[in-house]
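Asks: Handing you a structure now.
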Amino acid sequence: MTSETWNPLSTAPPFPAVRYASIADRIAKVLGTRNDVLLIQAEAVVALEAVATSLARPGLKVLNIVTSPYGLWFGNWLRRGGADVIELAAEPARPIDVEAVERALNAHPDMKVLALCHAESASCILNPMEDILALARARGIVTIVDAVASVGGHDLNVDELGVDIAIIGPQKSLAGPAGLSALSVSSAAWQLISREGGPTGSILSLLDQKIWLDAGRGTLPGTTAPLEFFALEAALDRLEAEGLASVIARHGRAARATHAGLIALGAEPWVKPEKGSHLVTAVELSEAADPKALLAAAAPLGMEFSIGVGPGANRLIRLNHTGLRARFDIVLGNVTAYGIGLRRLGFKADIAAAVEAIALHYGD
Ligand SMILES: *Cc1c(COP(=O)(O)O)cnc(C)c1O
């Protein structure tokens, strides 16, 4: 190889097999769990599909709480496997209502599984997970939480809350690689998964993944992806150096500062701070404004806005403060650029007041 074409990534060594188990243990610590942790060599959507596929069977009654397109997909995967899915959808792009969950559980005493998403990146909302898990726990229901967009941004103590399966990805708050994911599995969840005739011989089979646990956690099944695992290890190193509590606090502060900045600007945050994701903040555009035109007007400022995803979210602009972006300069840039975008479209925005409001959140 000539020096012009040499690249360290093309000669990366294999990831040492003895370190997979330690990565799983470090993720278990992040999740606050003594449950098994599986490492999945694919992005988190595959882990979600694997959970649904491995659990689904005819006659299994599942309450599937839908607050974004991910929840809809999850229900479809369960139905594909023959499960009896009761879908409970929130108001478009809003958090689910705990009373609605309680009513649904009371109406179906034979419910075996409940699935929900903790925080949504599609609409930037936070679901009342703790209250919902308490309802499920009291009924002995196996619980599944999509924590991809909440791990590292919100408190998530899997064992304290009684989460049977928590699915995470490193690519959001943990600022890690997107090419792999992980999940924790309780013994109650393994019992359901290990039933007779559970799927095997598939990338979506958790029973296949369990072979790694049963074999003493050496080499992962399949060809392993060294670059992804080195990157995950680096992300965990950084997380541990900063401290999980600090990372969560940093995201909380970014969310509060963004919210306060938007209000000072004269804009309308989509939900109250306690109902919002700490990773992204949604702001609702007035009827008169075109979301794409706003994105274009703010584009020269180089901040990362996007339009919300899913029903009810197409007039929401998402301000991203995830991972390494959860800090003062990005929050300030986001809100300022949003204000400039509004002004360029002919709307009012009090940028000076917004800057002051954000600075106050970071000034201590
Ligand atoms: C980001 C995210 C995922 C995973 O999606 P990717 O395509 O892996 O980014 C799953 N669930 C939620 C709630 C998410 O925010």
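The values are calculated or read from the model by the stated rules, or taken from the named source; none is laboratory data. What you are looking at is a predicted structure, and each value in this text was computed from that prediction instead of being measured. Glycine gets a Cβ as well: all are built from the backbone with ideal geometry, and neighbour counts include every protein chain shown. Ligands, DNA and RNA are stripped out before the accessible areas are found, and what is left, the full protein with its side chains, is counted by its heavy atoms. Shrake-Rupley method; radii C 1.70, N 1.55, O 1.52, S 1.80 Å.
Asks: Count charges around Gly82 for me, please; just the other residues with Cβ under 15 Å from its Cβ, Lys/Arg as +1, Asp/Glu as -1.
Replies: +4
Asks: On the protein heavy atoms, probe 1.4 angstrom, tell me the percent of accessible surface of region 321-364 carried by carbon and sulfur. Don't jump to the answer; show the numbers that get you there.
Replies: Numbers: 1320 of 2220 Å².
About 60 percent, which is the carbon plus sulfur part of the accessible surface.
Asks: Also: For Val280, which sequence-distant residues (separation of 5 or more, or a different chain) have an amide H within less than 5 Å of its own amide H, given hydrogens modelled in the peptide plane?
Replies: Amide H neighbours of Val280, under 5 Å, 5+ apart: His321.
Asks: What is the packing order of peptides 136-144, 44-52, taking the mean over residues of other C-beta atoms within 10 Å and listing the highest first?
Replies: Output ranking for 136-144, 44-52: 44-52, 136-144.
Asks: Same structure again: Estimate the FRET efficiency between Asp110 and Asp364 by the formula 1/(1 + (r/R0)^6), using the beta-carbon distance for r and 45 Å for R0, to the nearest 0.05. Mind showing how you got there, number by number?
Replies: On the way: r = 52 Å, r/R0 = 1.16.
It comes out at approximately 0.30.
Asks: Tell me, how many Å apart are the Cα centres for region 91-124 and for region 285-360?
Replies: Region 91-124 and region 285-360 have Cα centres separated by 30 Å.
Asks: Same structure again: Are there trypsin sites (Lys or Arg not before Pro) in region 167-238 that DSSP puts in a loop and that have at most 13 other Cβ atoms within 10 Å, and which ones?
Replies: Filter output for region 167-238: Arg195.
Asks: Determine which lysines satisfy two conditions relative to Lys292: a Cα distance under 25 Å, and not lying fewer than 8 residues away in the same chain.
Replies: In chain and number order, the partners are Lys172, Lys272, Lys348.
Asks: What residue among Arg256, Arg80, Arg325 has the largest mean-square fluctuation in a Gaussian network model of the chain, using Cα springs under 10 Å?
Replies: Taking springs between Cα atoms under 10 Å, the residue moving most is Arg80.
Asks: Can you bin region 244-361 into rounded, prolate or oblate? Criterion: square roots of the alpha carbon gyration tensor eigenvalues sorted a ≥ b ≥ c, rounded for a/c under 1.5, prolate for a/b above b/c, oblate for the rest. Present the calculation step by step, with values, prior to reporting the outcome.
Replies: Working: a/c = 1.68, a/b = 1.35, b/c = 1.24.
Prolate is the answer for region 244-361, as a/c is 1.5 or above and a/b outweighs b/c.
Asks: Using 0.36 nm times the number of residues separating Ala245 and Ala299, minus their current alpha carbon distance, what extension gain do you get?
Replies: Roughly 16.1 nm would be gained on extension.
Asks: Who wins for biggest fluctuation among Ala24, Ala149, Ala282 in a Gaussian network model of the chain, springs between alpha carbons below 10 Å?
Replies: Ala24
Asks: Comparing Pro273, Pro170, Pro14, which has the greatest mean-square fluctuation in the GNM of the chain with Cα pairs linked when under 10 Å apart?
Replies: Of Pro273, Pro170, Pro14, the Gaussian network model singles out Pro14 as fluctuating most.
Asks: Among the DSSP beta bridges whose two residues both lie in the chain, what percent are antiparallel, rounded to the nearest 5? Display every interim value, and only then the final one.
Replies: Values: 21 of 39 bridges.
In the chain, DSSP labels about 55 percent of beta bridges as antiparallel.
Asks: For the pair Thr5 and Ala17, how long in nm is the line joining their label points, each one 7 Å along Cα→Cβ?
Replies: 3.2 nm
Asks: Give the calculated FRET efficiency between Asp329 and Glu160 to the nearest 0.05, with a Förster radius of 30 Å applied to their Cβ-Cβ distance. Mind dumping the intermediate values first?
Replies: Values: r = 35 Å, r/R0 = 1.16.
The computed FRET efficiency comes out at 0.30.
Asks: Right, another one. Among the aspartates and glutamates, select those whose C-alpha is under 18 Å from the C-alpha of Lys275, and discard any that sit fewer than 8 residues away in the same chain.
Replies: Once the sequence-local aspartates and glutamates are set aside, what remains near Lys275 is Glu91, Asp97, Glu99, Glu120, Glu130, Asp131, Asp146, Asp155, Glu284.
Asks: While we're looking at this one, here's another question. Compute the FRET efficiency between Leu72 and Gln191 as 1/(1 + (r/R0)^6), taking r as their Cβ-Cβ distance and R0 = 22 Å, and round to the nearest 0.05.
Replies: For Leu72 and Gln191, the calculated efficiency is 0.20.
Asks: Just want to confirm a number: the relative contact order over region 17-241, from Cα pairs under 8 angstrom separated by 6+ residues, in percent.
Replies: 26 percent
Asks: Send over a whole-number figure in Å² for the accessible area per residue of region 244-361, probe 1.4 Å. Please list the in-between numbers first.
Replies: Details: 5340 Å² over 118 residues.
The answer is 45 Å² per residue.
Asks: With the convex hull built on the Cα atoms of region 149-288, state its orientation-averaged projected area in nm².
Replies: 12.3 nm²
Asks: Taking region 118-196, which GluC sites (Glu not before Pro) meet the DSSP loop condition and have no more than 11 other C-beta atoms within 10 Å? Provide the component values of the computation, followed by the final result.
Replies: Working: sites: Glu120, Glu130, Glu160, Glu196; in loops: Glu120, Glu196.
Passing sites in region 118-196 are Glu196.
Asks: Under the Karplus relation 6.51 cos²θ - 1.76 cosθ + 1.60, θ = phi - 60°, what is the ordered set of whole-Hz ³J(HN,Hα) values for region 256-264, x standing for Gly and Pro?
Replies: 5, 5, 4, 4, 5, x, 5, 5, 5
Asks: Which lysines have a Cα lying under 25 Å from the Cα of Lys112, excluding residues fewer than 8 positions away in the same chain?
Replies: Straight-line reach from Lys112, under 25 Å: Lys61, Lys210.
Asks: Okay, moving on. Label points 7 Å out from Cα along the Cβ direction at Ser286 and Val98: separation in nm?
Replies: That separation, rounded to one decimal, is 3.7 nm.
Asks: Near Arg137, within a Cβ-to-Cβ distance under 15 Å, what is the net charge of the other residues, with Lys and Arg +1 and Asp and Glu -1? Can you show the working numbers first?
Replies: Numbers: positive: Lys112, Arg139; negative: Glu102, Glu130, Asp131, Asp159, Glu160, Asp164.
In short, -4.
Asks: Between beta-carbons, use under 15 Å as the cut-off and find the net charge around Lys61, counting Lys and Arg +1, Asp and Glu -1.
Replies: +2
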